[in-house]
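Have a look at the structure below before the remarks.
Derivation of every value follows stated rules applied to the coordinates shown; laboratory data play no part. Since the structure is predicted, the reported quantities are computational estimates derived from the model, not experimental observations. With ideal geometry, Cβ positions are generated from the backbone for all residues, glycine too; neighbour counts draw on all protein chains shown.
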């Protein structure tokens, strides 16, 4: 009897292969850790990097492939997801490659860092490649639990422990909110699929239904925590400062990209009740940018300042996202993707340079610890200047291109208020980024006594990649690719999205124009709950 | 004329960058080689700029030597560069001043390599500002120039460098980011009106000239005008946005001061001529009284504050505030003579203030102080230096015969003519007050000369001081040549820019459809394959050459001709090739 109710869906393994590679590499890494010679992580590092490179290679051919689902609609492959996965894998690769020398300096070279970072990466990848709330949640938890452990990697240091505990408690709290929200969604629609949710919202009384509003509010809170929007940002500075620098780099890129990917899908699904959350999110976005930048101005620790800066940048990404949601014709998810990619390079690059200041167990990320870096490590210092200039958004760096595109989207979508707030924030932020630049060049007495770790090949590699990564010309193709990204909205417009569980025929294919085809590879009887 | 591909202007922009890249591979220890190489590169740049000057044809307000290459086509951004009469002298000024300041910079001992790399990068950024014909490209160079300058102040600056460079960077960055927003609005507006999303300045100006762009959007035009103009006012700097300048000048190393005063400030005045007038004609006319009053206040205020400075560099910095007031005066007089004066005064200020900063730098290398209290009685010890300083100072004062006089006189006379005619709410009171500013300039500059060179020697350090070396005399001599040349035969400089400046005036003053454009030609091939006249005003160069500008506000001298032309074109005359 059971077999009649549930047909085992046929599975397209190519969609999930990247996750599988990353997860299995993590397992192999753990196995190596058992048999390796003492205190030598080289084999684990090599295997982990090879695994990530493999996942990257598997993802590349998937760019531009038609939107498909597998595992009974649980896993979704679309342009948006694949691009974000590429960013996530690249971010993980870059933050792993400079980790070993840094962790050796701080005497925390524990081999389990690598498997855990890989699993976190797989969770992040899963998060952006599903439109099912349950899968998003599973991905989120895989990501978060690994990150809680990683934040406390420096286990005999108080600050790191504090970071881990704080992150765990607040994160668990936020997860609970999210789960509660998902439960409400299930209660309303009888499904955890975002497509069904959206369809229900469009039909139902929508905004007049209190449960709907409650569900969306809970989802917003959950994702607001993950993406560090004000007022759910309180954990960010402490965790960024307390966690080891390589973990901070990983977190600032991978976790942020994943959270925004999922958030974008959820918000897009809630578009029918846009008038409910849009004003709230506009206020939150302005607050996020402003609070992030103002708080960063008064910090004495560079890592903490960059923590606040990441809050501000989350606000910038939100501007792009809101512009897209407000007017999908003018804004574009391409901007969101591009900015996240640019931010990944900028932030990992900056933290990679900061990892140099850790000498003899101590972290050393106050402004004074950067003094005279220009004399000691010109390449690193030069790169840091470049990243800071890019974070400010000075042309011709990629940071400028990203901001320019956000401005353009916001103006076009009729949100000039957000554009002006972003402009004001840009020059407010210039001050603390410039303070970091200045610290690098200080060469008074005393500055020469500051020590920093020697350069190493991994760091050099990461820095060069990140420095190349802030060259804008690279992002032009991504931007135009992203502009053609078939997004939820476009799919919904064509009606394809909603019919996806049952329909397998392409809708109105126009001659000469590439139309995304929805070809589910499974009968998909499970999702038709309503 | 317009070529797709890279040409001589791209070469001009590329040489300093390539030079900077080369320098990166020279080890720091070979500092002589670094200095020599950097100077050689800037000589090559100067020669290329002279070649461009040679290729430049005066007598048209169209953009020349235009090169355009698609850059980010999906965003409507092209790499498009070109020159006209307004930019040509600024380009030569930039390459010349960069060379001279690099030669002076052989005094630099700390972090030689970084210093020369930064100056070369700064040179490309400045040249880029004056040649860019795409708004985003312009903004890019406009902002890029901030970074090397801020770093120069930061690394080689004086005691208060921290504050000065942060203030410099944030002040200018804050103002120009709103210009970026304004650019996006213009591009959106252009897309709405014409259906083409582009940041191409030539196309946008053509849309303004035909009156299409701002039709029914005068409020928006005012708003965007100010977003641009404030950015240029800060850059200029114009009262009340001048406060970053004295700090930046005082703390900057000498070469930084020369470039800052000589070229960076000109980006502001260039912006007025390139954007504020041609892009926002109605708004510019409306804003004229405000800007003129601010310039008037700036002239007097700058002069009074300069008079009480105890620091010689700060004094010259405040005198810049006053002198730039005259440039604004000329530009916003909307009078042919006045605008010529304004544009010319911008060049003169670069020469005379550049020379003053250079001389102060030479003195500073000897006595390591800039305070008047430590000077006095230098004339006996350094007679050559005193003579050269006197010349530079008199040029700054505006002594007839030297270059400063020509610019200031033309600017004030133009403003007076406009004011007498009662244009745009101007009153004759303004030029009268500004005239007092000229007298005040003589007062504080002569005081400065007196305090530095006369009186008893109080500072024992000065007893052993040596006069200028021959190469230093030669360095200052270049400035002196231009002071006399600009004062005695200004036509060399005025003639090539005349038509372009007049073009800017007419772009701002004429009614829609009578405004000239920068387009290379006004003919376009339509979809039927016919050659069609697109813009009525574009081919009026020949007409213009037959005219004399009689008085401000008058459109064209020979009414009949122009009306004839309009009639001809209003029926969209098709011309066979």
Problem - Cα centroid separation - the stretch A:304-335 against the stretch B:408-449, whole Å - result: 50
Problem - Helix A:274-297 axis, angle to chain A major axis (alpha carbon atoms, nearest 10°) - result: 0
Completion exercise
The simple spin-label model distance between residue B:421 and residue B:212, using points 7 Å out along Cα→Cβ, in nm, is 3.0
Handout entry: Calculated FRET value between residue A:107 and residue A:57, using beta carbons and R₀ = 25 Å, to 0.05
Key = 0.10
Practice task
Among B:83, B:499, B:433, B:153, rank each residue by its count of other Cβ atoms within 10 Å, from fewest to most, as a rough exposure measure.
Solution key: B:433, B:499, B:83, B:153
Fill in the blank from the handout: With the 8 Å Cα cutoff and a minimum separation of six or more residues, the stretch B:280-488 has a relative contact order in percent of 30
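Starting from the Cα gyration tensor of the stretch B:1-271, take the square roots of the eigenvalues, sort them a ≥ b ≥ c, and report rounded, prolate or oblate (rounded when a/c is under 1.5, otherwise prolate if a/b is larger than b/c, else oblate).
oblate
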Completion exercise
If R0 = 56 Å, then residue B:485 and residue A:297, at their Cβ-Cβ distance, give a FRET efficiency to the nearest 0.05 of 0.65
Handout entry: Theoretical FRET efficiency, 1/(1+(r/R0)^6), r = Cβ-Cβ of residue B:47 and residue B:110, R0 25 Å, to 0.05
Key = 0.25
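Suppose we keep just the DSSP beta bridges with both residues in the protein assembly as shown; what percent of those would be antiparallel, to 5?
On the way: 20 of 22 bridges.
For the protein assembly as shown, the DSSP antiparallel bridge percentage is about 90.
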Problem - C-alpha long axis of helix B:85-104 to longest principal axis of chain B, angle in ° - result: 20
Completion exercise
For chain B, longest principal axis from Cα atoms; helix B:312-331 axis from its Cα atoms; angle between them, nearest 10 degrees, is 20
Completion exercise
Per the rule of 0.36 nm per residue minus the C-alpha distance, extending residue B:399 to residue B:466 adds in nm 21.2 nm
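With a ≥ b ≥ c taken as the square roots of the eigenvalues of the C-alpha gyration tensor of chain A, please select rounded if a/c is under 1.5 and otherwise prolate if a/b is larger than b/c or oblate if it is not?
Numbers: a/c = 1.80, a/b = 1.43, b/c = 1.25.
Since a/c reaches 1.5 and a/b is larger than b/c, the shape of chain A is classed as prolate.
Counting helices only, and only those DSSP H runs with n ≥ 4, report the 222 nm mean residue ellipticity of chain B as the sum of -39,500 (n - 2.57) divided by its residues, in deg cm²/dmol to the nearest 500.
Numbers: 23 runs with 382 residues, N = 577.
Theoretical 222 nm ellipticity from helices: -22000 deg cm²/dmol.
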Problem - Inter-centroid distance (Cα atoms) of the stretch B:236-264 relative to the stretch A:116-183, Å - result: 51
Practice task
Would you please classify the overall shape of chain B from the alpha carbon gyration tensor, given that a ≥ b ≥ c denote the square roots of the eigenvalues, rounded means a/c under 1.5, and beyond that prolate means a/b larger than b/c while oblate covers the rest?
Solution key: prolate
Problem - In nm, spacing of pseudo-spin labels at residue B:458 and residue B:513 (7 Å Cα→C-beta vector) - result: 7.0
Exercise for the section: May I ask you to list the residues of the stretch B:225-267 whose amide nitrogen lies under 16 Å from a point 7 Å from Cα along the Cα→beta-carbon direction of residue B:433? Expected result: B:238-241
Fill in the blank from the handout: Residues of the stretch B:159-176 with backbone N under 19 Å of the label point set 7 Å from the Cα of residue B:374 along Cα→Cβ are B:159-162
Problem - Relative contact order (%) - criterion: Cα under 8 Å, at least six apart; region: chain B - result: 15
Fill in the blank from the handout: Distance in nm between residue A:379 and residue A:276 label points, each 7 Å along Cα→Cβ, equals 5.4
Practice task
Tell me what chain A gives for mean residue ellipticity at 222 nm when only DSSP H runs of n ≥ 4 count, each as -39,500 (n - 2.57), the sum divided by the residue total, rounded to 500 deg cm²/dmol.
Solution key: -22000 deg cm²/dmol
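For chain B, give the share of DSSP beta bridges that are antiparallel, in percent and rounded to the nearest 5; count only bridges with both residues there.
Details: 14 of 16 bridges.
Given both bridge residues lie in chain B, the antiparallel proportion sits at roughly 90 percent.
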Exercise for the section: For each of B:124, B:458, count neighbouring Cβ atoms within 10 Å of the residue's Cβ, then give the residues from fewest to most. Expected result: B:458, B:124
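Using mean Cβ contacts within 10 Å as the protection proxy, how do B:409-419, A:372-382 order, highest first? Walk me through the numbers before you get to the answer.
Values: B:409-419: 24.5, A:372-382: 20.5.
Top to bottom by mean Cβ count within 10 Å: B:409-419, A:372-382.
Order these by the 10 Å Cβ neighbour count, fewest first: A:284, A:24. The partial results should precede the final answer.
Numbers: A:284 20, A:24 14.
Ascending Cβ contact count within 10 Å gives the list A:24, A:284.
Got the relative contact order for chain A handy, in percent, Cα pairs under 8 Å and 6 or more residues apart?
Values: 918 pairs, mean separation 93.9, N = 530.
RCO, chain A: 18 percent.
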